[in-house]
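> Just dropping this structure here.
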Amino acid sequence: MEDRVLDWAVYEKTAREMAAEGLVLLKNDNKALPLKQGETVSVFGRMQNHYYKSGTGSGGMVNVARVVGILDALNECKDVNVNQKLAETYAAWDKEHPVELGLGWGQEPWSQAEMPVTEELVQEAAGESDSAIVIIARTAGEDKDNTLEKGAFMLTDIETDMLRLVRENFQKMVVLLNVGGLIDMSFLDTISPDACMYVWQGGMVGGYGVADVLVGDVSPSGKLTDTIAYDIKDYPAYDNFGGEERNFYAEDIYVGYRYFETFAKDKVRYPFGYGLSYTDFKIGVKHASLDFEKGVANICVKVTNTGKRLGKEVVQVYGEMPQGRLGKPSRVLIDFAKTKELVPGLSDELKFEIPLDRMASFDDSGVTGHRNCYVLEAGDYTIHVGNSIRNTTECLFFELAEIVELQKLQEALAPYEKFDRMKPFCDENGRMLIEYEETPLVTVDMYDRREQELPEEIPVTGDKGIMLLDVREGRATMDEFIAQFDDEDLACFVRGEGMGSSLVTAGTASAFAGVSPNLIAHKIPSVCCDDGPSGMRLDSGMKAFSLPNGTLCGCSFNKELNTRLYALLGLEMTANKVEVLLGPGMNIHRHPLNGRNFEYFSEDPYLTGSIATAQLEGLKSSGVSGTIKHFCGNNQEYHRHTTDSVISQRALREIYLKGFEIAVKSGYADSVMTTYGLVNGLYTAGSYDLNTTILRNEWGFTGVVMTDWWASINRRGMEPDANDFATMIQAQNDMYMCCPDGSKNMGGDNVIEALQDGRILRAELQRIAKNVCNFAMNTNAFKRLVGEPVEVEIINRPKQADDFSIDDVEYINVDRDILIDLTEKASTADTNYVIALDVEHPGEYEVSLRGSSTLEKLAQLPCTLFFNGFPVSNFTFNGTDGKDVVIRKEVKFYGRFNVLRLYVKSNGLDLKDIKFSFEKEF
Ligand code: BGC
């Protein structure tokens, strides 16, 4: 048995480090920050009591034992005093105005009502302190995009009034943005606070990271992963975002800084890569040379802390390429690194070995004479280094006399619909202007390509008693193992089971691989997948660690720290028998209003790929996997199940696929999730070009591909059909997530029918079985099954009253009625009974809870029933003179797997039993 230890104190410390390193200080006039030792600070903004640890939806549903917000952390901090009177005023108002969570999935409002402040209140606070901190907060989330409304991207009138009054009355004013994504920043002009910092959403201990920077224990070192424009209308995707049916990606590769730095420098408020520190740095190039044989540029940079405080600096390397025939952005990020923490006067040397293909362009039209190739066009190349895209010095120059073809690829995933795309055009004064050209359209048939590349069938042998362990031990080949399965068995491999499958940890997203008795009998493990990306979502109500959000992790520009943090998450997953995280999220910040930008890293694909790789490396080092999602072009939440992203091949290759390519080629990515929506007319789950031509054949991916949860599938020109697994199998999207039962065709999928009528070949199904088994054989789930369990001991985790262990949760089968005895369970305060039900007949049920109490008649003894993490019913008992009383409620079981948690609030209630009785189908 392999034993490992997860030290919770180290986990908190590392997440705190990340929360501090990822925040971005944009403005710091009059030395407003750091706060002075011993100074009193007045904190404004009602969300001081409700720090957003993350956005909502699958990426935010981590149950936590506690959240340390900014106010909590400042209160704990010895270096500053918080104006307690003001804090009490906010706390009292908060009680009267509870936060609104909305009902159901994605319904939480983007912001909460702010407390109106009066001039008197602000003046009184200013009498107590020179400095004010104002917290502006926004959530973010799935299934919903941000909007241009007040309280969403824009500030509300009450927020603006608060900012104005604070500005008028305080000498120093600091604005902290506890937000998932960018918001309108025009208040910097109208209000002019001294300091402003994006603190993002820093997970459950995020407040500590913010306080560390506020008081100067840590110097800020985060950098913007997105350009901040003055006006949202200036973002290049503005006119082509939010479509119900489709969005034409007419800006092509000119996303974020690629657009602004090329065409619209004056529209930028803060450039990509920008972020202030409390200290100063000198970045000097020690060495720069080109090794053309090896195809790399070697650069060595010396960074010296020339200021007066400790700090880290990010060195960013940008490539400038000739315009050539294709047209290029004026700069492209080609590498970056962060120094260690430097004391004043000390230096660090950063070495870069940069493959020149990071400056290559993809020719999808043939205009260079090299169609479907990555090329370096002839002309001048300059490499710049600096600490933002704007603040750089030239460090290497070279000229290519002729075009260099770096890689010849096949046309894949090209658009079908005509549209014009953006392209630079240089006027006689050397100014870059925008023109549009016709986007090259598809010329090859993906379905023909599949026909030409069909795999060979492995002759079916029937059961030979070969176990998956025999394959791992080299006693049999994978082909011999797979040969044993008949079509019904093979069909099970494509069915992920969930959500909340009883085969794996309760309340998780899905099980795959060992999902039928016969597959399990052959020692194929049931592998557990769970959301992600910023911590484990356990709908059983179990607590887990919530990490800083993706954007924050990206802004740290710190690969090593991302690896370290995700290695700890990997250990926590192992302790909870979770093998696969549904993250990192890798979509590109194409537009600031995308609701899920908080889960993703950046507008830049190289940064996205590098940070995702660092996180995947951390997970792998702890023996688990991450799932890179959503593959690809998932850049808007509005109508996410139906919107078609119409994108040129060049933009796909250089922007929307590039981050995924980096992660796959690093070798750390072995699991991929496709999207809900379409790319160029096809739902991604059914795209052979995406999942086979590009992912596997070009990039060499050997892992598994899963759909997003209950995604649609189609063949070109056909209506979507979630049961068309045949198309998914052809494409080599291995698994459908998710099915109510992996062992049976309960949803009506067409696998067997398509095998019989020849739409798919057995060989294709066998190929999927091999992908899935190869993956499963390398998981902890497999090790458990073959008696080599990996145990993780968690130490230093504070005990919580409502803690329970995954081993306490047992699945109970419900036919129509079930009575569960609760007498054995002590009815003490803060107890959780977790019951996982495997319901054969989903529908409406009556739930009756029987209990008694000898407490006085008016005693209030509430119990709450949580259903897959959400509170669904309250049962409030009173004193019953010791007699049994039954309280009845209704619950709806929409699916088969349901994790229920009964939470007993206080002592004095004797629970006897809980009964579920079927009433009717929906
Ligand atoms: C999301 C995925 C998530 C899945 C499982 C979907 O709604 O788009 O990102 O992993 O649910 O919770």
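> Given Gly742, Gly747, which one is in a loop (DSSP other than H, G, I, E, B), at pLDDT below 95 and in contact with a Cys (Cβ under 8 Å, 6 or more places away or on another chain)? Walk me through it before giving the result.
Details: Gly742 fails: at pLDDT below 95.
Unique residue meeting the criteria: Gly747.
> Could you list, in sequence order, all residues of the stretch 517-529 that are surrounded by 24 or more Cβ atoms within 10 Å (Cβ to Cβ) and away from the ligand (no atom under 16 Å from the Cβ)?
Correct list: Leu519, Ile524, Pro525, Ser526.
> Here is a further query. Anything in the stretch 82-109 that is over 20 Å from Gly532 (Cα atoms) and touching a Leu at 6+ places or on another chain (Cβ under 9 Å)? List them, or say none.
Within the stretch 82-109, Val82, Leu86, Ala87, Thr89, Tyr90, Pro109 meet the criteria.
> Can I ask one more? Can you report the number of residues in the stretch 706-723 which are within 15 Å of the ligand (Cβ to nearest atom) and either on the phi < 0 side of the Ramachandran plot or of a type in the set (Val, Ile, Thr) (or both)?
Of the residues in that region, 7 qualify.
> Let me ask something else. Filter the stretch 698-719 down to the residues that are touching a helix residue (DSSP H, G or I) at 6+ places or on another chain (Cβ under 7 Å) and assigned to a strand (DSSP E or B) and list them by number.
If the condition is that a residue be touching a helix residue (DSSP H, G or I) at 6+ places or on another chain (Cβ under 7 Å) and assigned to a strand (DSSP E or B), then Val704, Val705 are the ones that fit.
> Mind listing whichever residues of the stretch 724-747 are of a type in the set (Ser, Thr, Tyr) and away from the ligand (no atom under 16 Å from the Cβ)?
Thr727, Ser743
> Ok, one more. So how many residues does the stretch 879-922 have that are surrounded by 15 or more Cβ atoms within 10 Å (Cβ to Cβ) and assigned to a loop (DSSP other than H, G, I, E, B)?
Looking only at that region, the number is 7.
> OK, next. Regarding the stretch 351-373, can at least one residue be identified that is at pLDDT 95 or above and touching a helix residue (DSSP H, G or I) at 6+ places or on another chain (Cβ under 6 Å)? If you could, list the steps in order and put the result at the bottom.
So in the stretch 351-373, the residues at pLDDT 95 or above come out as 351-373.
Next cut, touching a helix residue (DSSP H, G or I) at 6+ places or on another chain (Cβ under 6 Å) only: 362, 364.
The answer is yes; a qualifying residue exists.
> Turning to a different aspect of this structure: Pick from the stretch 58-74 the residues that are away from the ligand (no atom under 16 Å from the Cβ) and surrounded by 18 or more Cβ atoms within 10 Å (Cβ to Cβ): which of them is farthest from the chain's Cα centre (by Cα)?
Leu74
> Using beta carbons and a limit of 6 Å, which pairs, at least six apart or on different chains, have the first residue in the stretch 681-695 and polar (S, T, N, Q) and the second one outside any helix (DSSP H, G or I)?
Close Cβ pairs satisfying both conditions: Thr684/Thr674; Thr684/Thr675; Asn691/Val705; Asn691/Gln732; Asn691/Asn733; Thr692/Gln732; Thr693/Ala412.
> Something else now. Could you tell me which residue of the stretch 664-694 is surrounded by the most Cβ atoms within 10 Å (Cβ to Cβ), considering only residues that are within 16 Å of the ligand (Cβ to nearest atom), under 24 Å from Tyr638 (Cβ atoms) and polar (S, T, N, Q)?
Thr684
> Further question: From the list Ile887, Ile914, Ile835, which residue is over 39 Å from the mean Cα position of the chain (by Cα) and among the β-branched types (Val, Ile, Thr)?
Ile887
> A further question on this structure: For the stretch 646-680, enumerate the residues that are of a type in the set (A, V, I, L, M) and free of Cβ contacts under 8 Å to residues at least 24 places away in the same chain.
Residues satisfying the conditions do not exist here.
> Hey, among Tyr656, Tyr676, Tyr688, Tyr638, which residue is farther than 27 Å from Leu593 by Cα, among the hydroxyl-bearing types (Ser, Thr, Tyr) and assigned by TED's automatic domain parsing to the domain that holds Leu581?
Tyr688
> Right, another one. Restricting attention to the stretch 580-631, report how many residues are of a type in the set (A, V, I, L, M, F, W, C) and out of contact with any Ser or Thr (no Cβ under 8 Å at 6 or more places or on another chain). Step through it out loud before you land on a result.
Going residue by residue through the stretch 580-631, those that are of a type in the set (A, V, I, L, M, F, W, C) are 580-582, 586, 588, 593, 598, 601, 607, 611-612, 614, 616, 619, 624, 628, 631.
Restricting the remaining residues to those that are out of contact with any Ser or Thr (no Cβ under 8 Å at 6 or more places or on another chain) gives 612.
Qualifying residue count for the region: 1.
> Can you say whether Asp539 is within 15 Å of the ligand (Cβ to nearest atom) and either assigned by TED's automatic domain parsing to the domain that holds Asp670 or in contact (Cβ under 8 Å) with a residue 24 or more places away in the chain (or both), as far as the supplied structure shows? Walk me through it before giving the result.
Details: within 15 Å of the ligand (Cβ to nearest atom): yes; either assigned by TED's automatic domain parsing to the domain that holds Asp670 or in contact (Cβ under 8 Å) with a residue 24 or more places away in the chain (or both): yes.
Considered against the rule, which asks whether it is within 15 Å of the ligand (Cβ to nearest atom) and either assigned by TED's automatic domain parsing to the domain that holds Asp670 or in contact (Cβ under 8 Å) with a residue 24 or more places away in the chain (or both), Asp539 comes out as yes.
> Which of (1) without any contact (Cβ under 8 Å) to a residue 40 or more places away in the chain; (2) under 13 Å from Leu182 (Cα atoms) is the odd one out, the single condition Arg164 does not satisfy?
Status for Arg164: all satisfied but (2).
> Can you find a residue in the stretch 842-855 that is part of a helix (DSSP H, G or I) and in contact (Cβ under 8 Å) with a residue 60 or more places away in the chain?
no
> Among residues belonging to the stretch 596-644 that are within 15 Å of the ligand (Cβ to nearest atom) and charged (D, E, K, R), point out the one that is surrounded by the fewest Cβ atoms within 10 Å (Cβ to Cβ).
Arg640
Okay, residues lined up against (1) of a type in the set (Asp, Glu); (2) assigned by TED's automatic domain parsing to the domain that holds Thr40; (3) more than 16 Å from the ligand (Cβ to nearest atom):
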residue	(1), (2), (3)
Thr89	no, yes, yes
Glu96	yes, yes, yes
Lys144	no, yes, no
Arg167	no, yes, yes
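> For the stretch 272-293, name all the residues that are crowded, with 20+ Cβ neighbours inside 10 Å and touching a helix residue (DSSP H, G or I) at 6+ places or on another chain (Cβ under 9 Å).
Residues satisfying the conditions are Phe272, Gly273, Gly275, Tyr278.
> Only one residue in Val704, Val786 is out of contact with any strand residue (DSSP E or B) (no Cβ under 6 Å at 6 or more places or on another chain) and of a type in the set (A, V, I, L, M), so which one is that?
Among Val704, Val786, only Val786 is out of contact with any strand residue (DSSP E or B) (no Cβ under 6 Å at 6 or more places or on another chain) and of a type in the set (A, V, I, L, M).
> When both residues are 6+ apart or on different chains and their Cβ atoms are under 7 Å apart, which pairs have a first residue that lies in the stretch 579-595 and is within 20 Å of Tyr257 (Cα to Cα) and within 15 Å of the ligand (Cβ to nearest atom), and a second that is assigned to a loop (DSSP other than H, G, I, E, B) and of a type in the set (Phe, Trp, Tyr)?
Met586/Tyr600; Asn587/Tyr600
> I would also like to ask the following. From the list Gly500, Gly462, Gly507, Gly430, which residue is of a type in the set (Gly, Ala, Ser), outside the structural domain of Ser671 (by TED's automatic domain parsing) and at positive phi?
Gly430
> State whether one or more residues within the stretch 46-57 are surrounded by 24 or more Cβ atoms within 10 Å (Cβ to Cβ), out of contact with any strand residue (DSSP E or B) (no Cβ under 8 Å at 6 or more places or on another chain), polar (S, T, N, Q) and touching a residue at least 12 places away in the same chain (Cβ under 8 Å).
yes
> Report the residue count in the stretch 536-561 for those that are closer than 25 Å to Ile806 by Cα and either among the aliphatic types (A, V, I, L, M) or at pLDDT 95 or above (or both).
First pass over the stretch 536-561, keeping only residues closer than 25 Å to Ile806 by Cα: 536-548.
Narrowing the set further to residues that are either among the aliphatic types (A, V, I, L, M) or at pLDDT 95 or above (or both) leaves 536, 538, 542, 544-548.
Within the stretch 536-561, residues that are closer than 25 Å to Ile806 by Cα and either among the aliphatic types (A, V, I, L, M) or at pLDDT 95 or above (or both) number 8.
> Let me ask something else about it. Got at least one residue in the stretch 695-705 being within 14 Å of Gln730 (Cα to Cα), away from the ligand (no atom under 16 Å from the Cβ) and in contact with a Leu (Cβ under 6 Å, 6 or more places away or on another chain)?
no
The values are calculated or read from the model by the stated rules, or taken from the named source; none is laboratory data. Worth saying up front: this structure is predicted, and the values here are computed from it rather than measured. All Cβ positions, glycine included, derive from the backbone under ideal geometry; neighbour counts span all protein chains shown.
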